[in-house]
Each structure stands twice: as structure tokens, then as C-alpha cells.
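Heads up, the thing below is written out as C-alpha cells.
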Amino acid sequence: MDVDFGGADDILFERSGHAGIVTLNRPAALNAVNHRMVRALTRALAAWEADAAVRLVVIRAEGRAFSAGGDILDIYEAGRAGDPPFDFFADEYRLNAAIARFPKPYVALINGIVMGGGVGVSFHGSHRVMTGNAVFAMPEVGIGFFPDVGGSHFLSRLPGGFGLYLALTGNRIRHGDACAFGLATHSVPADDLPALLRRLCETGDADASLAVDARAVAAETEDAVMDAIARHFAHDTLDGVLGSLAADGGEWANAMHATLMARSPTSLRVTFRQIRTGATLTMDDCMRMEFRILSRMLVGHDFYEGIRAAIIDKKSTPHWRPAALDAVAQADVDAYFAPPAGGDLSLQ
């Protein structure tokens, strides 16, 4: 039974058996999350939380991507027009927090790319199912931004410096690494997803349904690289990380150092502090912190410059301001973590 929560064709909702089913339905845009989708999913979760007949929620997607992130072209155009979309991010962050506290099983079926805003609507749920086609990344530093949508909460809790590594480099991982570090809770073959969905709807029991279909998978990243990540990304400062990579001299370390040095200096320093701070915060407090950072990023230079270079002008070289890490003062970083003029984000 289809249900209308105001998402038009961008996001679809239906009731089937014991499940409320959400389908991201913008395959031509790689299911980029927009404001209409955020608002509709928020309404659906509120309704299904109160509906005793809905025992679990399933979120899936049409096409070859689960969701490549937020709709950054909309964000770019609004910001350049002098109307930064604060309301979109506020509603998105409230949704991320609502998913994290949702009292019923929330099962994300992730087949294809999942990044940024797509991570925000999937990885805070109780069951995070990835197929062999899934690719995870939080690549925001590459466009002068930061790993938001709760990145400060889940990345900061990964062992062995792995979360900081993902946050600062923006590198991609697949289902084996995601399962090994607890980002994903299960791996299921892509061909088994239709049967899994039917079982979820029929039984309303996420754990029992996944016990039938889940498969053990090995991590993709070699032990030597895992050891290098743990060694280099365990330092207490960003300069310590960079110095460690530079002193190593090996091919992998040199590549990681070059990757970081191409990023926005401001984004690197803010992201390093964000991830380190997030390890001590609740999910709600992480979202408030991220809104503080966001409030500064949306009126700054590097986010829009990063989008221009990567998306508008297609792989051109971004011109960061400031262009060097040494030019980013501690006071500049502190300002990103100060309460915004309009006050902290309300999560209710």
C-alpha cells in the first residue's frame, strides 16, 4: 500500500506486511538527497513510530547508487545567490538524529555508492546491510567541506585511526572493510535483496531475516595498510599525522600525504578537531557541533570553491583560502566550533 508523505517522486513510501518501506527514487541524480526528501522521510518516521502495525522500517534505493550524497548543486546555487540553505541542513541533521534514536529496527539495504547525505539516512539505523556492490565514502574534505550528517559520531568511534583516515582522505571502502569496522552490520549478496525484503515484510523480524541471508566477508584492505593507518593517524595533531606520513617515505604514505596536502587547509584542520571531539559526544551533541561548523562553512569560501572545481568546472584545481595549513590560525578553527549567531540547533 503506497503512502504519501510529501516526497513527490523523489522518495517513495509504502506499507507492506509489518514493514514501512522507503525508496530513494532519483536514480538519474544518483539518489542525491534534497530538502523535499528529508522532510518527507522525517514525516514518515514520525508516523511509523506511532503505528503499532509497523514493526520495522526498510530504506532502499532505485538504480546503481544507494545515494551519492546531498544535492550539492542546489546548495551551490543557493549559496552563490546569497541565500545559503541553512534550513536544509538543519532539517537534515534533525533527521539524522531522529534515525539514530528511532525505537524500531531501521534496516538500510545499501547496494551501490553511499556517500555523504546518503550515509546520513542509512548508517545511523540499527541494521546496515551492504552488498558486494556497495562503496562507502565520506569525501567532503575534497570539496572544502567536512564529514557531516553525523560523521563526527560514527567515524570517531572506529578503532585504529580508521575513522580519522576516512574523514581526512575521503577514501572509499567496500563492504568487507565496512563490516570489519562495524560501519555495516551485515553483508548480503545483491541478488538476495528481494528475498530479504520479502522476509522482512512477512516477519517484521530484522535479526531473524538477516540471519538467513547474511554472509561473512573478509576485509579488503591489507593488514600492512591497516597497520600503517593505525600508526600514522593516531597522532594527537594534524601536523603530527602529516609529519608521520612524510617521514615514512613509502609509496602508500607518500600518496596519503599528497592527498591531504591537496585538500582545503581549513577543512583539514576543522575535520581533525571535529572527529577527535566527536568521540566524547552523544549523537545529539555531535549534530549540534556539526551545525556550528556548517553555519560557518556556508558563509565561507572553500565549500563553494570546492564544488566549483569538482562539479561545475569538472576536475579543475581549487584555489583554497587560505592556501596553506600554516595560515589557518587556531582562532580561525575555534570560530567554527562557537555557537552560531542564531543559536545552537534544536533537535526537536
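So the values come out like this:
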| read-out | value |
| --- | --- |
| Exclusive hit being out of contact with any strand residue (DSSP E or B) (no Cβ under 8 Å at 6 or more places or on another chain), of a type outside the set (Ser, Thr, Tyr), surrounded by fewer than 21 Cβ atoms within 10 Å (Cβ to Cβ) and more than 28 Å from SER187 (Cα to Cα), set ARG80, ARG101 | ARG80 |
| When residues of region 124-148 are limited to those that are out of contact with any strand residue (DSSP E or B) (no Cβ under 8 Å at 6 or more places or on another chain) and of a type in the set (A, V, I, L, M), the one farthest from GLY204 (Cα to Cα) | ILE143 |
| Index of the failed condition, ALA211 passing every other in (1) touching a residue at least 12 places away in the same chain (Cβ under 8 Å); (2) more than 30 Å from ARG231 (Cα to Cα); (3) not β-branched (Val, Ile, Thr) | (1) |
| Extreme residue, farthest from PHE272 (Cα to Cα), among residues of region 209-246 that are among the small types (Gly, Ala, Ser) and touching a helix residue (DSSP H, G or I) at 6+ places or on another chain (Cβ under 8 Å) | SER209 |
| Candidates ARG15, ARG36, filtered to the one that is among the basic types (Lys, Arg), in contact (Cβ under 8 Å) with a residue 12 or more places away in the chain and assigned to a strand (DSSP E or B) | ARG15 |
| Residue tally, condition outside any helix (DSSP H, G or I) and hydroxyl-bearing (Ser, Thr, Tyr), over region 190-225 | 1 |
| From the options LEU164, LEU200, residue that is more than 17 Å from SER122 (Cα to Cα), buried (at least 20 other Cβ atoms within 10 Å of the Cβ), out of contact with any Leu (no Cβ under 6 Å at 6 or more places or on another chain) and among the aliphatic types (A, V, I, L, M) | LEU164 |
| Residue match in region 54-68 (condition: touching a Gly at 6+ places or on another chain (Cβ under 8 Å) and farther than 22 Å from LEU196 by Cα) | yes |
| Subset tally (residues that are crowded, with 24+ Cβ neighbours inside 10 Å and among the hydroxyl-bearing types (Ser, Thr, Tyr)) for region 142-161 | 1 |
| Filtered residue count, region 277-299, keeping only those that are closer than 29 Å to ARG80 by Cβ and in contact (Cβ under 8 Å) with a residue 60 or more places away in the chain | 11 |
| Any hit, region 156-172, residues being more than 27 Å from LYS315 (Cα to Cα), in contact with a strand residue (DSSP E or B) (Cβ under 9 Å, 6 or more places away or on another chain) and among the hydroxyl-bearing types (Ser, Thr, Tyr) | no |
| Selection count where residues are within 23 Å of LEU197 (Cα to Cα) and charged (D, E, K, R), scope region 89-119 | 2 |
| Neighbours by Cβ (under 8 Å, 6+ apart or cross-chain): first from region 221-250, under 20 Å from ARG263 (Cα atoms); second β-branched (Val, Ile, Thr) and assigned to a helix (DSSP H, G or I) | HIS232/VAL241; PHE233/VAL241; HIS235/VAL241 |
| Options ALA28, ALA50: the member that is closer than 18 Å to ILE99 by Cβ, out of contact with any Phe, Trp or Tyr (no Cβ under 9 Å at 6 or more places or on another chain) and aliphatic (A, V, I, L, M) | ALA50 |
| For VAL107: the one exception among (1) at negative phi; (2) assigned to a loop (DSSP other than H, G, I, E, B) | (2) |
| Filter pass, VAL135 being surrounded by fewer than 20 Cβ atoms within 10 Å (Cβ to Cβ), under 14 Å from the mean Cα position of the chain (by Cα) and not basic (Lys, Arg) | yes |
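Read the figures in this text as sums done on the coordinates, not as results from a lab. Please read these numbers as outputs of a predicted model, since none were measured by experiment. Every residue, glycine as well, gets a Cβ built from its backbone with ideal geometry; the counts of neighbours run over all protein chains shown.
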